[in-house]
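One structure is given below, encoded as structure tokens.
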Amino acid sequence: MSGLLALLDDVAAISKVAAASVDDVIGQATKAGVKAAGAVIDDAAVTPKYVHGFAPAREIPIVLKIARASLFNKIVILLPIALLLSSFAPWLIPPLLILGGLYLCFEGAEKLHHWLSPKQPASLAKIQDPEHTPLDAAHLEEQRVKGAIKTDFILSAEIMTIALAATPEGGVIYQGVILALIAVAITAAVYGAVALIVKADDFGLHLANEGRTAAGRKLGEMIVRGMPGFMKALTVVGTAAMLWVGGNIIVHALHEMGLHLPYELIHGAAHAVGQGNGVVEWAVTALIDGIIGIGLGFAVMPVAARIGGLLGDEDAKAH
């Protein structure tokens, strides 16, 4: 009997250790995921544009296609690469973060450029030109999905790299489990939000036409009328997130590589303005990071246009 009780005590102790390990993994995954929140916001804000203009029946299937590809990219491609980097070339992580940050800055600056000097891209003019054959819906959907997956891959790489940099050392399996949890949670959160966004106008229209109460019908009308403005605001938020996150990533990566001056100047300015107020200090830091992102993005644009021209990218040539 005493042997059985000892065995039960051992099982209970092992269970406590296992539970503590699970809690630790979930806690570390949450912390690392929070570090990547800016890139996640960017991902959620950018994706709905790829679904815009399609029949309502195709919206959710398109979101699911992109979500499946996103999860595949994170789990099958990016997670093993991240673990290999962590094990054999951790010194490569900051330079890769800088490349990803520059890409985000470029994307944000390109959007600003379009807003400041609106000009129809050559590729769009060709599609709308009556002398050219317009793209059919299936071909257009295929192109949009490919474009969304390419953008998501870059943002996913950025998210996984940020998460890896924020994950404490604890062995390959430990880091792998944390990164896998982050990959699943972020993909579900981003594309769940995207699905809600793209179907909100359909829900509002249904409520406006079929609502049982006057208040419900009024709410439906408000949703339908508000969605265009909401989508524009989401585009602005996504662009701001690109610039802020891109600048922030570069500053932190340089700090990790031993170039401390930009990081120290920014945080010194934020502390001087905020005087201990965390919200104000965060806002000042984000503003300066965004300004840095704008500058770097516009500096990268001619290089990207040159590379795109050499590769035969018509959109790049137009910029």
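The set of residues in segment 245-286 that are touching a Phe, Trp or Tyr at 6+ places or on another chain (Cβ under 8 Å) and within 22 Å of I98 (Cα to Cα) comprises G246, V251, H252, L254, H255, A286. Residue under question is L254, and the condition is that it be at pLDDT 90 or above, surrounded by fewer than 17 Cβ atoms within 10 Å (Cβ to Cβ), more than 18 Å from K111 (Cα to Cα) and of a type in the set (A, V, I, L, M, F, W, C); does it hold? Answer is no for this residue.
Of all residues in segment 184-206, those that are within 12 Å of E59 (Cα to Cα) and free of Cβ contacts under 8 Å to residues at least 12 places away in the same chain have Cβ atoms under 9 Å from Cβ atoms of residues that are part of a helix (DSSP H, G or I) and aromatic (F, W, Y), 6 or more apart or on another chain, in L196/F203.
One line per residue, one yes/no per condition, for (1) among the charged types (D, E, K, R); (2) modelled with pLDDT of 90 or more; (3) at positive phi; (4) over 21 Å from the mean Cα position of the chain (by Cα):
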{"residue": "R225", "(1), (2), (3), (4)": "yes, no, no, yes"}
{"residue": "M231", "(1), (2), (3), (4)": "no, no, no, no"}
{"residue": "G238", "(1), (2), (3), (4)": "no, no, no, no"}
{"residue": "L243", "(1), (2), (3), (4)": "no, no, no, no"}
{"residue": "N248", "(1), (2), (3), (4)": "no, no, no, no"}
{"residue": "V273", "(1), (2), (3), (4)": "no, yes, no, yes"}
{"residue": "L287", "(1), (2), (3), (4)": "no, yes, no, no"}
{"residue": "I291", "(1), (2), (3), (4)": "no, yes, no, no"}
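Restricting attention to segment 257-269, the residues being part of a helix (DSSP H, G or I) and surrounded by fewer than 20 Cβ atoms within 10 Å (Cβ to Cβ) number 8. The residue that is modelled with the highest pLDDT, counting only those in segment 169-183 that are exposed (fewer than 14 other Cβ atoms within 10 Å of the Cβ) and assigned to a helix (DSSP H, G or I), is I173. I'd like to know if segment 284-291 contains one or more residues that are over 18 Å from L155 (Cβ atoms), part of a helix (DSSP H, G or I) and of a type in the set (D, E, K, R). No: zero hits.
The values are calculated or read from the model by the stated rules, or taken from the named source; none is laboratory data. Predicted model, so just to flag it, every value in this text is computed and none were measured. Don't worry about glycine lacking a Cβ; one is built from the backbone with ideal geometry, like all the others, and counts go over all protein chains shown.
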